[in-house]
1. For the range 52-95, give me each residue that is assigned to a helix (DSSP H, G or I), touching a helix residue (DSSP H, G or I) at 6+ places or on another chain (Cβ under 8 Å) and not polar (S, T, N, Q).
2. What are the pairs, 6+ residues apart or on separate chains, where a residue within the range 9-20 that is touching a residue at least 24 places away in the same chain (Cβ under 8 Å) and more than 13 Å from I54 (Cβ to Cβ) has its Cβ under 7 Å from a residue that is crowded, with 17+ Cβ neighbours inside 10 Å and of a type outside the set (F, W, Y)?
3. Answer yes or no as to whether A42 is part of a loop (DSSP other than H, G, I, E, B) and either acidic (D, E) or within 15 Å of G5 (Cα to Cα) (or both).
4. Report, by residue number, each residue of the range 12-35 that is part of a loop (DSSP other than H, G, I, E, B), surrounded by fewer than 16 Cβ atoms within 10 Å (Cβ to Cβ) and not β-branched (V, I, T).
5. Residue check: is M1 surrounded by 13 or more Cβ atoms within 10 Å (Cβ to Cβ) and modelled with pLDDT of 95 or more?
6. Which of the numbered conditions does Q39 fail, given that it passes all the others? Conditions: (1) surrounded by fewer than 16 Cβ atoms within 10 Å (Cβ to Cβ); (2) farther than 18 Å from I71 by Cα; (3) at pLDDT 95 or above.
Amino acid sequence: MVDFGNNLKSLRLKYKMTQKELAEQIGVTKSVVSYYELQERAPSPEVLIKLSRIFHVTTDYLLGIEHKHIIDVSNLSPDELTLVEQMIQLFESKK
């Protein structure tokens, strides 16, 4: 969990959230979020899952094990999903 605190803070700032706002969403106090970011405390598995859902990343990403992002496409129509898949293929082919 070496990168957890840094990853959490980066994601929180990327989503323009305060520690208090994030704390309210995951059911802890602002000081607990601060402890997480300073790596003075580790989140419970339940909190880790909540964080992954809020920021659309895997728990492995939060823990610094992998660097993949997840995009929730469950509300897209089949046509929209096809467009997203085509865009991904286009970007990958440019590498």
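The values are calculated or read from the model by the stated rules, or taken from the named source; none is laboratory data. All figures in this text were calculated on a predicted structure; none of them were measured in a lab. A quick note on method: Cβ atoms are made from the backbone with ideal geometry, for glycine too, and the neighbour counts reach across all protein chains shown.
1. Narrowing the range 52-95 to residues assigned to a helix (DSSP H, G or I): 52-55, 59-63, 78-93.
Checking the rest, the ones that are also touching a helix residue (DSSP H, G or I) at 6+ places or on another chain (Cβ under 8 Å) come to 52, 54-55, 59, 61-63.
Scanning the range 52-95 gives I54, F55, Y61, L62, L63.
2. So the pair list comes out as K9/E37.
3. Working: part of a loop (DSSP other than H, G, I, E, B): yes; either acidic (D, E) or within 15 Å of G5 (Cα to Cα) (or both): yes.
In short, yes.
4. From the range 12-35, those part of a loop (DSSP other than H, G, I, E, B) are 15-18, 27-29; that's our starting set.
Next cut, surrounded by fewer than 16 Cβ atoms within 10 Å (Cβ to Cβ) only: 15-16, 18, 27, 29.
Correct list: Y15, K16, G27.
5. On the way: surrounded by 13 or more Cβ atoms within 10 Å (Cβ to Cβ): yes; modelled with pLDDT of 95 or more: no.
No; evaluated as a whole, the condition is false for this residue.
6. Tallying (1) surrounded by fewer than 16 Cβ atoms within 10 Å (Cβ to Cβ); (2) farther than 18 Å from I71 by Cα; (3) at pLDDT 95 or above, Q39 fails exactly one: (3).
A quick yes/no check of all residues on (1) under 19 Å from L22 (Cα atoms); (2) surrounded by 14 or more Cβ atoms within 10 Å (Cβ to Cβ); (3) at pLDDT 90 or above; (4) over 20 Å from the mean Cα position of the chain (by Cα):
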| position | (1), (2), (3), (4) |
| --- | --- |
| I49 | yes, yes, yes, no |
| S52 | yes, yes, yes, no |
| F55 | yes, yes, yes, no |
| T58 | yes, yes, no, no |
| H67 | no, no, no, no |
| V73 | no, no, no, no |
| L83 | no, no, yes, yes |
| Q86 | no, no, yes, yes |
| K95 | no, no, no, yes |
